[in-house]
Amino acid sequence: MEQESTVAHEISRKEQAEQTKEKLLSISLKLVREQGYDQVKIADICAQAGVSTGAFYHHLKSKAGILSGVYARCDAYFEDIVYPLLKGRCDMQGLLEYVDYQMVYCIDLGYPLCAQIYRAQLMEPTDFVLSHKRGLPAGLIGMIGNLQKGEVLSTEKSAEEIGEELLLICRGIVYYWCQKHGQCDIKKLGREIANRYLRSYAL
């Protein structure tokens, strides 16, 4: 009985820690959108979240942890929602819808935050961002692999290679959108360019 109580207490502590981290991340992103990344102060984030600065550093490690949190949220969204929704599709349109979701996610974040993420990666690059094991790339590669098995796409290149090239295209489109201060339709642009690229591998 005592062991069960200890386990339940440990689970409760982990849940509380996760809730605190999510609260810090949500408030951080809100302030970044309002003020810009460089202007946001950790003390202001903590004041709004009602936690100590020590708690901030415990959960997010540093101010850059805000941007890492964006990637974690994005990957969870694609891993838990988008890929399960589309993985059964064995047609090109399903793959293009996956690209649509990526562009809409960026639109929801807003171009100032997306631009800051690009800037941070140029200043402090991490292998994690380019990893194919992350939720978003893994789902994309999984869908491409399914289309190759279904003989919709050529196996001239591996699913990983096609996925890497498609991700480069998508990143370039988002970068262009940031340069244009959000003044272009990246969902339409992403679908058109991705479609033209994928047609070169269509069977």
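The values are calculated or read from the model by the stated rules, or taken from the named source; none is laboratory data. In this text, all values refer to a predicted model and were calculated from it rather than measured experimentally. With ideal geometry, Cβ positions are generated from the backbone for all residues, glycine too; neighbour counts draw on all protein chains shown. These accessible areas exclude ligands, DNA and RNA; they are computed on the full protein's heavy atoms, side chains included. Shrake-Rupley method; radii C 1.70, N 1.55, O 1.52, S 1.80 Å.
Some points to look at:
- Listed residues 37, 83, 57, most fluctuating in the chain (Gaussian network, C-alpha, under 10 Å): 57
- Entries of 63/188; 30/180; 23/188 with Cα pairs more than 31 Å apart: 63/188; 23/188
- Taking other residues whose beta carbon is less than 12 angstrom from the beta carbon of residue 201, and scoring Lys, Arg as +1 and Asp, Glu as -1, yields -1.
- Take every pair of alpha-carbon atoms less than 8 Å apart whose residues are at least six positions apart; their mean separation over the length of the chain yields a relative contact order of 21 percent.
- Shape of the chain, Cα gyration tensor, a/c cut at 1.5: oblate
- Rg ratio for the range 73-145: its Cα radius of gyration over 2.2 N^0.38 Å, N being its residue count, equals 1.17.
- Helix-only CD estimate at 222 nm, as mean residue ellipticity for the chain, using -39500 (n - 2.57) per DSSP H run (n ≥ 4): -24000 deg cm²/dmol
- Accessible surface of the range 56-203 [probe 1.4 Å, protein heavy atoms]: carbon and sulfur percent: 56 percent
- Taking 147, 166, 130 as the candidate residues, the one with maximal mean-square fluctuation in a Gaussian network model of the chain, Cα springs under 10 Å, is 130.
- Rounded accessible area per residue of the chain, 1.4 Å, Å²: 57 Å²
- Note on residue 85 and residue 58: with the Förster distance fixed at 35 Å, the Cβ-Cβ geometry gives a FRET efficiency of about 0.55.
- Candidates 68, 28, 158: whichever shows maximal mean-square fluctuation once the chain is modelled as a Gaussian network with Cα springs under 10 Å: 158
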